[in-house]
1. Does Ile109 fit the bill of being in contact with an Asp or Glu (Cβ under 8 Å, 6 or more places away or on another chain), buried (at least 16 other Cβ atoms within 10 Å of the Cβ) and β-branched (Val, Ile, Thr)?
2. Determine if the range 208-226 includes at least one residue that is over 30 Å from Leu306 (Cβ atoms) and assigned to a loop (DSSP other than H, G, I, E, B).
3. Restricting the range 375-403 to residues that are over 19 Å from Met340 (Cβ atoms) and at pLDDT 85 or above, which is surrounded by the most Cβ atoms within 10 Å (Cβ to Cβ)?
4. If you take the residues of the range 91-106 that are within 18 Å of His59 (Cα to Cα) and out of contact with any Cys (no Cβ under 8 Å at 6 or more places or on another chain), which of them is surrounded by the fewest Cβ atoms within 10 Å (Cβ to Cβ)?
5. Does Val94 count as in a loop (DSSP other than H, G, I, E, B) and either within 17 Å of Ala64 (Cβ to Cβ) or out of contact with any Phe, Trp or Tyr (no Cβ under 9 Å at 6 or more places or on another chain) (or both)?
6. Which pairs have Cβ atoms under 8 Å, sit 6 or more apart or on different chains, and link a residue in the range 166-183 that is within 21 Å of Gln414 (Cα to Cα) to one that is hydroxyl-bearing (Ser, Thr, Tyr) and surrounded by 11 or more Cβ atoms within 10 Å (Cβ to Cβ)?
7. Could you tell me which of the residues Ala102, Ala157 is aliphatic (A, V, I, L, M) and in a loop (DSSP other than H, G, I, E, B)?
8. Looking only at residues in the range 369-392 that are in a loop (DSSP other than H, G, I, E, B) and within 28 Å of the chain's Cα centre (by Cα), which one is farthest from Ala441 (Cα to Cα)?
Amino acid sequence: MNPTLKGATNPHLPTPYSPTPLVIPASEQAITVLLVDDQATVNEAIHCMLEAETNLTYHYCSSAEKALQTATQVAPTVILQDLILPNSDGMTLVKQFREDPATCDVPIIMLSTNDNPQTKAEAFAIGINDYLVKLPNQIELVARIRYHSQAYLNRKAHTAALVAQAHAKELEQTLQELRQTQAQLIQTEKLSSLGQMLAGVAHEINNPVNFIFGNLTYIDAYFQDLMKLLQLYQEKYPEPDSAIQAYLEEIDYDFVMDDLLKMLRSTRMGSERIIQIVLSLRNFSRQDHQEMKLSNIHDGIDSTLLILSHRLKLGINVVKDYGNLPLIACYPAQLNQVFMNIINNAIDALLDQPNQRKKEITVYTNTLDKNHIQIQIKDNGPGIPLAVQTKLFEPFFTTKPVDKGTGLGLSICQQIIANHQGTIQVISKPDEGAEFIIQLAVQSAVA
């Protein structure tokens, strides 16, 4: 037990009691001191040393049993603690302070009449921050209290700043993801509406064109029969009368027969073309978000090229170099959206070069190994600057005017390819065009 102190007559007390407050920098934060000591005279002495200090709040606890509870309530910036307490070991209390989340980092200054180096070493080993023989000099005590408090407050402020920075970054990322998700939902809804419209148009066109195409078979057969009948008449009656001869010359019989055959062939070709376009529309607009399907990648590329044919006719040549690809498990409409975005961007880049004579888009496909295929879409346009390449797949980044691009196309493409467990990259140099390389798993496991 500490020796009983008797106020000013005790030789350990500073004489006389005339606290001299230190000059406190304006930037220092409020300091809260908690003294844990069973002797009221020590409390009185410490309180007298600190009461004139500005920016400092003082609290006192006389027992180890209530020390932890008091510390949790007052949130000290430094704890002054006696080494020897009734019904408790001061070392044990230090351990309790260090184990509790509320006080684990609070600086502890041990106060003791024991100046033994071994005791000091043991105290530092269990987590105290300083050790003073009581009663300490007032100026030294105040200096150490302020030093440890300020260090503690600085650490807390730094930790709080890091946490706030992390929260701000997390919030920014969440907001960015929310904006991207919202934009993608809008884009998906637009594509869904477009798909439904295309599917409806394709269905409406499909019925009459099948009717026309089916009738062409019979028309061709009937025409052949009529031609054969006329030939038989010519053989049996090689010399028609004057009225028939005059009419044959009037309608230019030989030209009509020859041109009618050509019209039948061209009508059949036109009908087949319409059927092909309808099939491409149906393939491109396929509503397949619910389940994966084994699909032919070439069908998707061809459908996309057919949809964009009105733009390609403006002077862009398409070269297709298809390899022998297996069917892959995928969402065909989503991959068609990827092909649409990339090829459409290539068309934009080429059409923006009015002085370029040869404008070409090349589509290569090949099998990398038994588990992967590769699609390369390359144009011979102006290329993509390196500074732009690094941002191509960022949401909302676009080099196009506001009314021509949202900056979501390639971002969505990257997400679609990633969901198919694939990769997409761009290779480009100035004046050497741009090439997008897509690699896909043959049997994707889409999340």
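1. Yes; evaluated as a whole, the condition is true for this residue.
2. Looking for residues that are over 30 Å from Leu306 (Cβ atoms) and assigned to a loop (DSSP other than H, G, I, E, B), one finds none in the range 208-226, hence no.
3. Asn380
4. Taking the range 91-106 and keeping what is within 18 Å of His59 (Cα to Cα), we get 93-94, 97, 102-103, 106.
Subsequent filtering for residues that are out of contact with any Cys (no Cβ under 8 Å at 6 or more places or on another chain) retains 93-94, 102-103, 106.
Working: Leu93: 21, Val94: 20, Ala102: 14, Thr103: 20, Val106: 22.
Filtering first and then ranking leaves Ala102.
5. So Val94 does not fit the description; no.
6. Gln180/Ser411; Ala183/Thr406
7. Working: Ala157 fails: in a loop (DSSP other than H, G, I, E, B).
Checking each option against the conditions leaves just Ala102.
8. This residue is Pro385.
The values are calculated or read from the model by the stated rules, or taken from the named source; none is laboratory data. Values in this document were obtained by computation on a predicted structure and should not be read as measured data. Backbone-built Cβ (ideal geometry, glycine too); neighbour counts: all protein chains shown.
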